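Student: I'd like to ask you about the structure that follows.
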Amino acid sequence: MPRLFPQEDASDVRRRYKPDVIKGDMDSIRTEVLDFYTTLGTEIIDKSHDQDTTDLHKCVTYIRDFAPDLDKSNLCILVAGALGGRFDHEMGNLNVLCRFSSLRIVLLSDDSLIHLLPRTHHHEIHILSSIEGPHCGLIPIGMPSSSSTTTGLQWDLNETEMRFGGLISTSNIVTGEKVTVQSDSDLLWTISIKKL
C-alpha cells in the first residue's frame, strides 16, 4: 500500500489500511510484519497445520464463510500481487479461481488482471479504457473449448476451438467499451492494465 501513496509516510499508510485478518500458514510473513499488525489489533489466524491448500484458498474460504447469509452475487474479491512471482504460486492462484468459480475473484499484478469466465454464463465485460487494455487474451482452463465466440475484439472468435497444444487467444486487442464472451469451457480472461 505505501507504494500507492509515495508522498505519505509508509507507516501512516500501513496503519490506515490495516487488514482485519491475516490468515495463512505463516511460512513467508516476516516476524516484524506480524508483530506490527498484531500490535494494531489485526486478527492472526495461523493455519500452518493445513498444507493442502494455498494461503489464497484459505483467505477466500474465510471471506466466503464470514457472512454465510450474505448474498454473494455482488461480491468481488480483488487479489493484489497475485501474479508475477513464482510460477507454481501463480498456478495455485489460478486454481483458486476454478475452485471458487461461483465467486468473482480478480487476480491483479502490476501489468495485468485475470478472472475466470465460467462456461455457465454469457459474459459482458465492460472495459474502462483509461485503465485497461488494449491487450487481452482468453485461455481455456480445465478442459478444451470446442466453441468460443466473442465480440469487441480485433480478432473475434466465432465458434472457435481452443485448447492447450492448439489455438489459445493471446495478444488480442480490445476494440471498444464492451467485450462479449460465450464458451462451452471455462476461460481465463486476461487484460493488460496501464501504469498510473
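The values are calculated or read from the model by the stated rules, or taken from the named source; none is laboratory data. Since the structure is predicted, the reported quantities are computational estimates derived from the model, not experimental observations. Methodologically, a virtual Cβ is constructed for each residue, glycine included, from the backbone with ideal geometry; neighbour enumeration extends over all protein chains shown. Just so you know, the surface numbers come from the protein's heavy atoms only, side chains and all, with ligands and any DNA or RNA stripped out. Shrake-Rupley method; radii C 1.70, N 1.55, O 1.52, S 1.80 Å.
Student: If I ask for residues that are β-branched (Val, Ile, Thr) and open to solvent by less than 80 Å² (accessible area, probe 1.4 Å), which ones from region 1-33 would you list? Don't jump to the end; show me each part of the working.
Tutor: Within region 1-33, the subset β-branched (Val, Ile, Thr) is 13, 21-22, 29, 31, 33.
Once the filter is applied, which keeps residues that are β-branched (Val, Ile, Thr) and open to solvent by less than 80 Å² (accessible area, probe 1.4 Å), region 1-33 yields Val13, Val21, Ile22, Ile29, Val33.
Student: Condition test on Leu157, is it within 19 Å of the chain's Cα centre (by Cα), hydrophobic (A, V, I, L, M, F, W, C) and crowded, with 18+ Cβ neighbours inside 10 Å?
Tutor: Numbers: within 19 Å of the chain's Cα centre (by Cα): no; hydrophobic (A, V, I, L, M, F, W, C): yes; crowded, with 18+ Cβ neighbours inside 10 Å: yes.
So Leu157 fails the test.
Student: Something else: Confirm whether Ile173 is modelled with pLDDT under 95, under 21 Å from the mean Cα position of the chain (by Cα) and surrounded by fewer than 16 Cβ atoms within 10 Å (Cβ to Cβ).
Tutor: On the way: modelled with pLDDT under 95: no; under 21 Å from the mean Cα position of the chain (by Cα): yes; surrounded by fewer than 16 Cβ atoms within 10 Å (Cβ to Cβ): yes.
Spelling it out, it is not the case that Ile173 is modelled with pLDDT under 95, under 21 Å from the mean Cα position of the chain (by Cα) and surrounded by fewer than 16 Cβ atoms within 10 Å (Cβ to Cβ).
Student: Where in region 34-117 are the strands (runs of 3 or more DSSP E), entirely inside, with at least 2 residues that are open to solvent by 30 Å² or more (accessible area, probe 1.4 Å) and over 26 Å from Gly133 (Cα atoms)? Step through it out loud before you land on a result.
Tutor: Working: elements: 43-46, 76-80, 104-108, 112-117.
In region 34-117, 43-46 are the strands (runs of 3 or more DSSP E) which contain 2 or more residues that are open to solvent by 30 Å² or more (accessible area, probe 1.4 Å) and over 26 Å from Gly133 (Cα atoms).
Student: Here are Ser112, Ser102: which of them is under 14 Å from the mean Cα position of the chain (by Cα), of a type in the set (S, T, N, Q) and closer than 26 Å to Gln51 by Cα? I'd like the intermediate steps shown before the answer.
Tutor: On the way: Ser112 fails: closer than 26 Å to Gln51 by Cα.
Result: Ser102 is the single residue among Ser112, Ser102 that is under 14 Å from the mean Cα position of the chain (by Cα), of a type in the set (S, T, N, Q) and closer than 26 Å to Gln51 by Cα.
Student: Does any residue of region 36-47 turn out to be of a type in the set (Asp, Glu), assigned by the TED database to the domain that holds Lys18 and over 19 Å from Met1 (Cβ atoms)? Working first, answer last.
Tutor: Step one: filter region 36-47 for residues of a type in the set (Asp, Glu), giving 43, 46.
Now drop any that are not assigned by the TED database to the domain that holds Lys18, which leaves 43, 46.
Imposing the further condition that a residue be over 19 Å from Met1 (Cβ atoms) reduces the set to 46.
Checked against the condition, which is being of a type in the set (Asp, Glu), assigned by the TED database to the domain that holds Lys18 and over 19 Å from Met1 (Cβ atoms), region 36-47 yields at least one hit.
Student: In a strand (DSSP E or B), at pLDDT 95 or above, touching a helix residue (DSSP H, G or I) at 6+ places or on another chain (Cβ under 8 Å) and buried (at least 17 other Cβ atoms within 10 Å of the Cβ): is that true of Leu188 in this structure? Show your work before the answer.
Tutor: Values: in a strand (DSSP E or B): yes; at pLDDT 95 or above: yes; touching a helix residue (DSSP H, G or I) at 6+ places or on another chain (Cβ under 8 Å): yes; buried (at least 17 other Cβ atoms within 10 Å of the Cβ): yes.
Yes.
Student: For region 118-127, give me each residue that is closer than 16 Å to Ser185 by Cα, outside any strand (DSSP E or B) and touching a residue at least 12 places away in the same chain (Cβ under 8 Å).
Tutor: Passing the criteria: Pro118, Arg119, His122.
Student: Have a look at Leu78, Leu34, Leu40 and point out the one that is more than 22 Å from Ile105 (Cβ to Cβ), in contact with a strand residue (DSSP E or B) (Cβ under 8 Å, 6 or more places away or on another chain) and of a type outside the set (D, E, K, R). Talk me through it step by step, then tell me what you get.
Tutor: Working: Leu78 fails: more than 22 Å from Ile105 (Cβ to Cβ); Leu40 fails: in contact with a strand residue (DSSP E or B) (Cβ under 8 Å, 6 or more places away or on another chain).
None of the others qualify; the one that does is Leu34.
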